[in-house]
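Here's the structure, in structure tokens; my notes come after.
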Amino acid sequence: MMKRIPLFLLFWLTCTICMGQDRHFTFKGIPLCGSLNRFSEKLIEAGYEPNNYYNLIYHGNYNNYHDCCIHILHLKNYDKVFGVTVQLPMVYSWEKLSDQYKRMKKRLRREFGEPKTSKEEFDKPDLKSNAEKYQEVLQGRFKYLCTFDNGIGIVCLQIDKISPFETCGVLLSFIDKASLKASSEDGDFARTLGDHLNRVIK
């Protein structure tokens, strides 16, 4: 289970969604909108393969990383897509985790500019070794995330624990503002967004 989203980040995400436009953010050229079936078909057309055991999870390459997991984001009991989360291949050391994170952050900065929010720290100060850092990550005693905004969509990059596996990974979420806003029947965007980003990996 991923950690809870910090309140400052959730407040900013909510504000940007409420100001979103009618244009749609895309993932691999596919608009993040429409029905689950249609979006799934477009992922398959783009070369992604469905998971044999879990619905709404696909496998394929992303940004030169092989065998990534693509999780489709949608509102519970609502057949409308508002985003995807890409799980980069799992690794088992802080060196590899931080390398994936830094490489992806560098690419996102080239595409979207400086991050709108960023928090990258461990709960314990002065950790001396990478082995110590990895143990702190496994215990969930850290926060590594940053967000980007291009006006019509939000990108959230983070390191988080992956359940049910006893490891951690780099997660990259693409969220379309217009689709999430339109799909939120009760208008509670903060709760809706928070619930989904906190439960991407079950």
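The values are calculated or read from the model by the stated rules, or taken from the named source; none is laboratory data. Fair warning: this is a prediction, and the values are worked out from it, not measured in the lab. Backbone-built Cβ (ideal geometry, glycine too); neighbour counts: all protein chains shown. Side chains are part of the model used for accessible areas, which takes the heavy atoms of the whole protein and leaves out ligands, DNA and RNA. Shrake-Rupley method; radii C 1.70, N 1.55, O 1.52, S 1.80 Å.
What are the residues in the stretch 65-113 that are of a type in the set (Phe, Trp, Tyr) and in contact (Cβ under 8 Å) with a residue 60 or more places away in the chain, if any? Of everything in the stretch 65-113, those that are of a type in the set (Phe, Trp, Tyr) and in contact (Cβ under 8 Å) with a residue 60 or more places away in the chain turn out to be Tyr78, Phe82, Tyr92, Tyr101.
Does Ser129 qualify as being exposed (fewer than 11 other Cβ atoms within 10 Å of the Cβ), more than 19 Å from Ile162 (Cα to Cα) and of a type in the set (S, T, N, Q)? Yes, satisfied. Looking at this structure, is Glu136 within 12 Å of Asp160 (Cα to Cα), assigned to a helix (DSSP H, G or I) and of a type in the set (Asp, Glu)? The answer is yes for Glu136. When the residues of the stretch 56-100 are filtered to those that are assigned to a loop (DSSP other than H, G, I, E, B) and touching a strand residue (DSSP E or B) at 6+ places or on another chain (Cβ under 9 Å), the one that is most open to solvent (accessible area, probe 1.4 Å) is Tyr92. Counting residues in the stretch 166-187 that are assigned to a strand (DSSP E or B), modelled with pLDDT under 90, closer than 16 Å to Leu97 by Cβ and of a type outside the set (A, V, I, L, M) gives one or more. The residue that is least open to solvent (accessible area, probe 1.4 Å), among those in the stretch 19-55 that are among the charged types (D, E, K, R) and closer than 23 Å to Ala182 by Cα, is Lys42. Using beta carbons and a limit of 6 Å, which pairs, at least six apart or on different chains, have the first residue in the stretch 22-50 and closer than 20 Å to Ile152 by Cβ and the second one hydroxyl-bearing (Ser, Thr, Tyr) and assigned to a loop (DSSP other than H, G, I, E, B)? Nothing qualifies.
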